[in-house]
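Novice: One structure follows; several queries about it will come next.
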């Protein structure tokens, strides 16, 4: 069902009157006023995130506003998924994902308001929630936006399927958190926005004191538990512009578990580093790591270098770097990475910032798919060496090796030869897995592109050995 200015029975003049009796609606308008009056945040804040002490989801007034905020964000996601259904190859149920009287351009505009809310600095958003004060801005100008959003009310939408399931399991408890988890699931199902907008939603819901995963709600959330939930809920789910098989449900709920733990700091790269330092073999490296001279270390790579990725609580390089930081405050590291990163894209997206950061050492792990990638990698090495940076190239950190998606099957040998030619250091990490008899258990759910946390910890140990001069 779509709820917009055409379908809504209340005229605009009446909405202003209603807002006097429904403070949550009026306060939501203040948030919208913020979102259009402020420039987007320069960069996303890093987790972990915490609940703002001024926000109490148990307070009826604040709970009403939080509920309206969730409804608003759900509406923006739904608007975007209607556009996805209309323009993408996979079509959703034509009744549920119909544009109605709204044009695709208007739906795209409405979808963008979710990004606008997410771009509000966290402290400013919390001020508005806590005090209902937008500094005298004219909120009425933006009030109609909330009414124009499509209402995701169809029972077969993933967020409503999950919400009904959780409300039954929890017997009506934690209603706002149930809505938050369901909201996250709806966006997570879409996949394409899970590295940016979904992480913003996590931050907002955590900041207002809500739970963001099944385990945080007190429910069993092992992989088998999640698959059983998927087997129960998939048949209840309407046709969507993305896959909703039992396995898809399992993976998406698993992602919420992983990101819920990382975004709250319950388990992330810093926690893993602290645990690793207690290991006798790593603890023995502490003196050598503590004596390392001041250095700035950069990591340039694809998703296997990203702690953000859902398959692990932290990437191998970040875990190792956090270990060193805990024993050597003169050690700095910076991540310059993107999913599926190739050298060609790295030149376009990261090289300028990487050079400006002026690292002493750069470790690279990227996909090499064609001749342009090879030329681009040569340029990256040359530019880094031009600023006095030592360059290290890792062949792979997957026991099952390179996926050979491009033109070349000799990638490892070519990388090694390139390092000899350009004066870089080639790190043959891929074959190190032979020291770990349990490496087959490192494959994450449903795919063989990435690594579970255990695999990342293994390679973090190897990088620490290298830095400590033990490799």
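Novice: All but one of (1) assigned to a helix (DSSP H, G or I); (2) outside the structural domain of residue 51 (by TED's automatic domain parsing); (3) over 24 Å from residue 203 (Cβ atoms) hold for residue 248, so report the exception by its number.
Specialist: So the condition that residue 248 fails would be (2).
Novice: If the requirement is being over 30 Å from residue 173 (Cα atoms), in contact (Cβ under 8 Å) with a residue 40 or more places away in the chain, outside any helix (DSSP H, G or I) and assigned by TED's automatic domain parsing to the domain that holds residue 146, which of these qualifies: 56, 93?
Specialist: Details: 56 fails: over 30 Å from residue 173 (Cα atoms).
Of 56, 93, the one residue that is over 30 Å from residue 173 (Cα atoms), in contact (Cβ under 8 Å) with a residue 40 or more places away in the chain, outside any helix (DSSP H, G or I) and assigned by TED's automatic domain parsing to the domain that holds residue 146 is 93.
Novice: Specify the residue that is farthest from residue 54 (Cα to Cα); the eligible residues are those in region 80-90 that are in a helix (DSSP H, G or I) and within 24 Å of the chain's Cα centre (by Cα). Lay out the reasoning, then the answer.
Specialist: Taking region 80-90 as the starting set, the residues that turn out to be in a helix (DSSP H, G or I) are 80-87.
Of the ones still in play, those that are also within 24 Å of the chain's Cα centre (by Cα) are 80-85.
Details: 80: 32, 81: 34, 82: 36, 83: 37, 84: 37, 85: 40 Å.
Filtering first and then ranking leaves 85.
Novice: Would you please list the contacts, defined by Cβ atoms under 7 Å and residues six or more apart or on different chains, that run from a residue in region 215-234 that is over 22 Å from residue 262 (Cα atoms) to a residue that is part of a loop (DSSP other than H, G, I, E, B) and at pLDDT 95 or above?
Specialist: Taking only residues 6 or more apart or on different chains, the pairs are 234/244; 234/245.
Novice: Oh, and also: Does at least one position in region 300-321 carry a residue that is over 30 Å from residue 251 (Cα atoms), assigned by TED's automatic domain parsing to the domain that holds residue 389 and in contact with a strand residue (DSSP E or B) (Cβ under 7 Å, 6 or more places away or on another chain)?
Specialist: At the first step, the residues of region 300-321 found to be over 30 Å from residue 251 (Cα atoms) are none.
Scanning region 300-321, I find no residue that is over 30 Å from residue 251 (Cα atoms), assigned by TED's automatic domain parsing to the domain that holds residue 389 and in contact with a strand residue (DSSP E or B) (Cβ under 7 Å, 6 or more places away or on another chain), so the answer is no.
Novice: When region 210-232 is examined, which residues are found to be surrounded by fewer than 20 Cβ atoms within 10 Å (Cβ to Cβ) and over 13 Å from residue 181 (Cβ atoms)?
Specialist: 220, 222, 223, 224, 225, 227, 228, 231, 232
Novice: On the given criteria, is residue 154 farther than 23 Å from residue 310 by Cα and out of contact with any helix residue (DSSP H, G or I) (no Cβ under 6 Å at 6 or more places or on another chain)?
Specialist: When the stated conditions are applied, residue 154 passes them.
Novice: Return yes when residue 397 is within 22 Å of residue 306 (Cβ to Cβ), in contact with a strand residue (DSSP E or B) (Cβ under 9 Å, 6 or more places away or on another chain), surrounded by 14 or more Cβ atoms within 10 Å (Cβ to Cβ) and in the same structural domain as residue 457 (by TED's automatic domain parsing) and no when it is not. Reasoning before the result, please.
Specialist: Values: within 22 Å of residue 306 (Cβ to Cβ): yes; in contact with a strand residue (DSSP E or B) (Cβ under 9 Å, 6 or more places away or on another chain): yes; surrounded by 14 or more Cβ atoms within 10 Å (Cβ to Cβ): yes; in the same structural domain as residue 457 (by TED's automatic domain parsing): yes.
It is true that residue 397 is within 22 Å of residue 306 (Cβ to Cβ), in contact with a strand residue (DSSP E or B) (Cβ under 9 Å, 6 or more places away or on another chain), surrounded by 14 or more Cβ atoms within 10 Å (Cβ to Cβ) and in the same structural domain as residue 457 (by TED's automatic domain parsing).
Novice: Tell me which of these residue 293 doesn't satisfy, since it passes every other one: (1) closer than 24 Å to residue 356 by Cα; (2) in contact with a strand residue (DSSP E or B) (Cβ under 9 Å, 6 or more places away or on another chain).
Specialist: (2)
Novice: Could you count how many residues in region 96-114 are part of a loop (DSSP other than H, G, I, E, B) and either loosely packed, with under 12 Cβ neighbours inside 10 Å or not assigned by TED's automatic domain parsing to the domain that holds residue 186 (or both)?
Specialist: If we filter region 96-114 for residues that are part of a loop (DSSP other than H, G, I, E, B), which is where we start, we get 96-103.
Within this subset, residues satisfying the condition of being either loosely packed, with under 12 Cβ neighbours inside 10 Å or not assigned by TED's automatic domain parsing to the domain that holds residue 186 (or both) are 101, 103.
Looking only at that region, the number is 2.
The values are calculated or read from the model by the stated rules, or taken from the named source; none is laboratory data. The shown structure was predicted, so the numbers you read here are calculated from the model rather than taken from an experiment. Positions of Cβ are backbone-derived with ideal geometry, glycine not excepted, and every protein chain shown enters the neighbour counts.
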